[in-house]
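Have a look at the structure below before the remarks.
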């Protein structure tokens with residue numbers, strides 16, 4: 001082997017080895033990066049699963065968003081049967097109210113009427129039977145305030161009251177309001193404002209005769 005052949009072999013043979021080693025290193029680094037940064041195919045599903053199921057209020061007494069006659073002042077004047085589900089985890093009590101739609105607007109002062117207000121219902125409760133007694137304390141727990149007609153408990157809507165639209169609203173509350181019986185509805189609403197976890201509602205009308 002001549003000196004020129006020996007130099008050529010050393011130069012190009014070493015370069016080929018270096019290139020091979022560099023290529024191998026790059027391939028290994030790419031494999032490590034792929035292992036460290038896998039595609040997160042579960043991101044969307046985990047985000048979906050973290051979404052809370054909304055609070056739901058239903059009633060077999062109320063038919064297609066109408067209040068039947070037996071739940072109005074023209075009938076038996078009974079409170080409707082209600083059920084609810086999907087409470088927030090921090091719920092400590094429930095508050096339920098029925099108002100004419102005008103009074104459901106914060107800017108309206110005495111334009112609508114309050115027909116029913118129940119507060120401090122136990123967090124474990126998810127159902128109220130129809131025809132609750134008109135008294136401050138309920139056997140299920142919780143208290144009924146006086147409505148705008150001076151009665152404890154429920155008073156059914158009447159078309160003669162001047163409104164034909166009503167809202168039945170349920171609030172998940174983060175604490176007991178711990179207000180005494182006979183307290184004004186305004187005091188109950190004021191105590192509620194900073195304690196609301198979730199709200200759901202039914203928009204209702206009195207069923208035509």
**Request:** Report, by residue number, each residue of the stretch 60-90 that is buried (at least 18 other Cβ atoms within 10 Å of the Cβ) and either under 12 Å from residue 126 (Cα atoms) or without any contact (Cβ under 8 Å) to a residue 12 or more places away in the chain (or both).
**Result:** 82, 84, 87
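With respect to residue 171, determine if the residue is under 20 Å from residue 90 (Cα atoms), buried (at least 20 other Cβ atoms within 10 Å of the Cβ) and in contact with a strand residue (DSSP E or B) (Cβ under 7 Å, 6 or more places away or on another chain). Walk me through it before giving the result.
Working: under 20 Å from residue 90 (Cα atoms): yes; buried (at least 20 other Cβ atoms within 10 Å of the Cβ): yes; in contact with a strand residue (DSSP E or B) (Cβ under 7 Å, 6 or more places away or on another chain): yes.
Taking the combined requirement at face value, the residue satisfies it.
Quick check: is even one residue across the stretch 193-201 closer than 20 Å to residue 147 by Cα, in contact with a strand residue (DSSP E or B) (Cβ under 8 Å, 6 or more places away or on another chain) and either assigned to a helix (DSSP H, G or I) or without any contact (Cβ under 8 Å) to a residue 12 or more places away in the chain (or both)?
No, the stretch 193-201 has no match at all.
Being buried (at least 17 other Cβ atoms within 10 Å of the Cβ), farther than 16 Å from residue 113 by Cβ and without any contact (Cβ under 8 Å) to a residue 24 or more places away in the chain narrows it down to one residue among 138, 143, 132, 177; which is it? If you could, list the steps in order and put the result at the bottom.
Numbers: 143 fails: without any contact (Cβ under 8 Å) to a residue 24 or more places away in the chain; 132 fails: without any contact (Cβ under 8 Å) to a residue 24 or more places away in the chain; 177 fails: without any contact (Cβ under 8 Å) to a residue 24 or more places away in the chain.
The unique qualifying residue is 138.
Bear in mind these aren't lab numbers, they're just calculated from the coordinates by the rules spelled out. Quick caveat: nothing in here was measured; it's all calculated off a predicted structure. With ideal geometry, Cβ positions are generated from the backbone for all residues, glycine too; neighbour counts draw on all protein chains shown.
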